[in-house]
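What follows is a short report on a single structure.
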């Protein structure tokens, strides 16, 4: 019976999409009842971050390995605004997104001159510069002490309980996701895909390829900033970890794990990685005499497993199977694809240690 | 037919992935009775495997467990609760990990008090969580005076040592003993900078002079301190003040010996040293070095007795951090016993201003104004190997610095208790 229902659903892409969106919303709303609320907030923030990266990696074919710069600078900005002015936290988070976008402009202008692994290296270099500035500029960032005690103001509401803060923060993340969805399903998004598939042909058709890349980079940075600001306010804390390169690596892993170029996949990847890391950090795994407490190894193994077995990522594989049943050709890129040079470099990216 | 199930299975898989590995239950948090959740939970957050795991680490957890066992044995059936748990988390010396772990301990694992937390940045994060969750935090192994200064709060207590106490003890005494000219090397992060400032002030107030100072990158991954050390002789100091901690200190002292600075008339003074550092270097590498110790296991019979019990459990001798963890846990439990509840405000009220004398706190007092726990501390000198009679018998206590002189006076504190 259920099989029949699902077969009908699969045959109706619009309805199927509606069900997916409603299901996703339902899960998002139910999340803090099911799991520890701060972790739920982490999943939402990381999901938005991964979606932002997916705009670049999945839809434009650019692997940014420096997105920690935007996530982290936004975390510091949101913290500073909230601490210094006592502004309501959505204002602080929006301010953070704006700062991330401003920071992204010069980085994007320089980085888009290169593609593939060189693009990744340039973005990494800029992110490391941001890291060192954050480390040295103690007056603003607190150095390795971090920014502590970021308040969660919202017009006098008490949001100190993470359960209630989740519902206050969720709408901001949803707006971010909506923007990403809108970008992908707009003519602008179609051009991005065209650029991914064949930059030379796009250029010959008259599209200013570099300008499109800069625009999507800035949008992606802005969404990352939204996520980073939300994350910092949720934790009440912004630290150097937020601008460190492992954060850039983690979000790339999430996106690839879930399936690049799918948006949904990024969210699933974020949920899986955050959950696994939380589980490992709380309990650890004992294999014989070896006690694996750090999440790095296990996350790395999962990543390797997914890349080897489901090259399209979790969601990518599901979508592919659905499409195959409907005899629709794949529209999204996958790791074995030849059209995405940046994604091909993917397995070379070291998992977060 | 089976293939038709794929969408169903995948949807279910996603939902269960989201739900299943969460572990802890969600929902809004609730209140509690006299003893919240019918148990007292003591959390230890520290470095379980890294550079600070020797000086506190797993053995600090054992020390807290010892306190729980002793408390149960002492009070028997009268104990305020028979259900006392010790839980542990590894913060890997990262503030953001400490922040999350502290939040989880207070919320999810129902910790009533958190202990230890080496690394100042991590300690400040835990103190922030303690204030937010209105639960107790006893800092033992972090050195920053900010915990009882700008960042002080009602639920945070600072045990054992801090940068002021170290600088005041070592800087002042060594300068007054004749070593007027100091050359200070320090790691370039919050702790090192604090130490450098505190030492410079202490040395100058005692009539000495800082003839040179040099920072080293932190973390110093290469372990190379030659550029800092080789520049020292040019400034003609009497003493080299090393402000590094743990593994970095060990490397620096090795190189100090390799460059024969001692033979060039430059003595060595160390800002912060744990007995575990001396143990890993061997006493000869450090013989004659003066430093301030918050507690020494072989100081007198009372300390020795506790150290013997500790050795039975762990196989090694305690650092002051281990003893401090025991004392803090014990005094916390006694305060809960006296208050008859683990409600934070009542326990804090019981602790504030309390005068305590135990094997760790000599002439001890918990200052109500800034929650600094003051007690006698000691200026120690490392014995040469020839005088070492047994393992860990490394220190000679030169002088006892009385509790009211050892720590920053309340009048100078910047703490505003909210």
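The values are calculated or read from the model by the stated rules, or taken from the named source; none is laboratory data. Not measured: the values here are computed from a predicted model. Heads up, the Cβs are rebuilt from the backbone with ideal geometry, glycines too, and the neighbour counts pull from every protein chain shown.
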Odd one out for residue B:391, checked against (1) over 21 Å from the mean Cα position of the chain (by Cα); (2) on the phi > 0 side of the Ramachandran plot; (3) touching a residue at least 40 places away in the same chain (Cβ under 8 Å) | (2)
State whether the residues of the stretch A:188-198 include one that is more than 14 Å from chain B (Cβ to nearest Cβ), more than 28 Å from residue A:298 (Cβ to Cβ), surrounded by fewer than 19 Cβ atoms within 10 Å (Cβ to Cβ) and under 18 Å from the mean Cα position of the chain (by Cα).
-> yes
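Identify all residues within the stretch A:132-156 that are at positive phi and either more than 14 Å from chain B (Cβ to nearest Cβ) or assigned to a helix (DSSP H, G or I) (or both); write none if there are none.
Answer for the stretch A:132-156, where residues must be at positive phi and either more than 14 Å from chain B (Cβ to nearest Cβ) or assigned to a helix (DSSP H, G or I) (or both): A:143, A:155, A:156.
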How many residues of the stretch B:164-195 are part of a helix (DSSP H, G or I) and in contact (Cβ under 8 Å) with a residue 24 or more places away in the chain? The answer is 18
Working only within the stretch B:77-103, note down all residues that are within 16 Å of residue A:146 (Cα to Cα) and part of a loop (DSSP other than H, G, I, E, B).
-> B:91, B:92, B:93, B:94
Quick check: is even one residue across the stretch B:104-120 closer than 24 Å to residue B:50 by Cα, out of contact with any helix residue (DSSP H, G or I) (no Cβ under 8 Å at 6 or more places or on another chain), part of a helix (DSSP H, G or I) and within 13 Å of chain A (Cβ to nearest Cβ)?
-> yes
Is there a residue in the stretch B:150-163 that is modelled with pLDDT of 90 or more, in a helix (DSSP H, G or I) and within 14 Å of residue B:199 (Cβ to Cβ)?
-> yes
Qualifying residue in the stretch A:294-304 (condition: modelled with pLDDT under 75, part of a loop (DSSP other than H, G, I, E, B), surrounded by fewer than 19 Cβ atoms within 10 Å (Cβ to Cβ) and touching a helix residue (DSSP H, G or I) at 6+ places or on another chain (Cβ under 9 Å)) | yes
Looking at A:205, A:240, A:223, A:230, which is the one that is under 21 Å from residue A:110 (Cα atoms) and out of contact with any strand residue (DSSP E or B) (no Cβ under 8 Å at 6 or more places or on another chain)?
-> A:223
